[in-house]
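Rule-based calculations on the coordinates, nothing more; no lab input. Since we're looking at a predicted model, the values are computed, not measured. All Cβ positions, glycine included, derive from the backbone under ideal geometry; neighbour counts span all protein chains shown.
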Amino acid sequence: MSEPLQSVLHPAGADADLIGQFAWVLFGAGLLIFLAVLALLGLSLRRHEAPLRSGLWIAGGGIVLPVVLLTILLGWSTWRSAGLVPQSSDKALAISVTAKMWWWDVHYRDPVSGREIATANEIRIPVGRTVYLGLNAADVIHSLWVPALAGKRDMIPGRVTGLTLRADKPGVYRGQCAEYCGTQHAHMALHVVALAPAEYESWLANQARPARAPEAGLPLRGRAVFFEQRCQNCHTIRGVAESAHLGPDLTHVGSRMQIGAGLLRNHGGALASWIADPQALKPGVFMPAASGIDGESLRALAAYLEGLE
Ligand code: CUA
């Protein structure tokens, strides 16, 4: 899979369309003014022996023109952006996203049982439906930005903000934390995956289930290693260990596209190297390295987690 595009100029939803229009109109207006200034500059160089009436130019070009142009642009953008105000409505699908140093804790409510379902660094949504993201931060200020779908919204500790978005076509849209939040700010990416509604429903139904029990072999041994390494002190796997929520919920970690908040593509090898030495891959991250783990146990743990789809 090629890395999905993260660009304001390739909108895939209504809000992003509007923001793309703003970008082009403001760019166009800026370009016209720039060219006009260059033309006037050229004119003034050619006519230096017969000076233009400077008072008129200062009043016209320095006051009247900017006031008129900026007022028009301000009026137009205010009128057009009225629809960008995020609104939580009954029809919108509500998902809560909490930013943490340096990953995204994403919670859904299971429509069947009413229980919360947690995932990380990935927001799956149905195509064509308005989604309301309730945003919060656990530690410092972060900012959620998925340019192809919506504008940027700060995430502030102790305060819930919101963002609505809608994807008009299926696809994977990359997002990024857009507010400096510490050493690994650059490695705080996420993906919004827009699925056909039926595909979304079956994904959600699968996420609502507790973790699959390993039958035999390496994954079964891996579940024992999970406890030997005390992974349960930070991570929840529903149906296995549910008391800690410091790190990402791993109930269906094998179904995610990436690990480490967009750092690595998710597969057994990546999981093993991440567990063996997260500090080498993402220095400063709060996950400690596995202590004294041998190769066989590491492979088993990675196989167990990879199987949690
Ligand atoms: Cu989180 Cu920058």
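Here are the numbers:
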| item | result |
| --- | --- |
| Sum of side-chain charges, Val253 neighbourhood, beta-carbon under 9 Å (Lys, Arg +1; Asp, Glu -1) | -2 |
| Extension gain, Lys169 back to Ala244 (0.36 nm per residue minus Cα-Cα distance, nm) | 23.3 nm |
| GNM top mover of Ile72, Ile123, Ile141 - the chain, alpha-carbon springs below 10 Å | Ile72 |
| Folded to 0 to 90 degrees: helix 217-228 orientation relative to the chain principal axis, Cα | 80 |
| Net charge of neighbours whose Cβ lies under 13 Å from the Cβ of Glu306, counting Lys and Arg as +1 and Asp and Glu as -1 | +4 |
| Fewest-first sequence of Cys177, Cys234 by Cβ atoms within 10 Å of each Cβ | Cys234, Cys177 |
| Average projection area in nm² (convex hull over Cα atoms of the range 119-257, one quarter of hull surface) | 9.6 |
| Most mobile of Ser143, Ser54, Ser81 in a GNM of the chain (Cα contacts under 10 Å) | Ser54 |
| Ranked list, fewest to most other Cβ atoms within 10 Å of each Cβ, for Leu163, Leu195 | Leu195, Leu163 |
| Cα-centred dipole magnitude for the range 1-143, charges only on beta-carbon of K, R (+1) and D, E (-1), debye, nearest 20 | 520 |
| Candidates Leu38, Leu73, Leu271, ranked by Gaussian network fluctuation over the chain, Cα under 10 Å, top entry | Leu38 |
| Mean Cα-pair separation over length for the chain, i.e. relative contact order, pairs under 8 Å, 6 or more apart, % | 17 |
| Percentage of interatomic Cα-Cα distances in the chain larger than 30 Å | 45 |
| Neighbour-count ranking [beta-carbon atoms within 10 angstrom, fewest first] of Phe226, Phe27 | Phe27, Phe226 |
| Residues Trp76 and Gln279, FRET efficiency given R0 of 51 Å [Cβ-Cβ distance, rounded to 0.05] | 0.50 |
| Whether the range 217-306 is rounded, prolate or oblate, judged on the alpha carbon gyration tensor where a/c under 1.5 counts as rounded | rounded |
| Once the Cα gyration tensor of the range 14-84 is diagonalised, semi-axes √(5λ) in Å | 34, 14, 4 |
| Where Cα atoms sit under 21 Å apart: lysine pairs in the chain separated by 8 or more or lying on different chains | 4 |
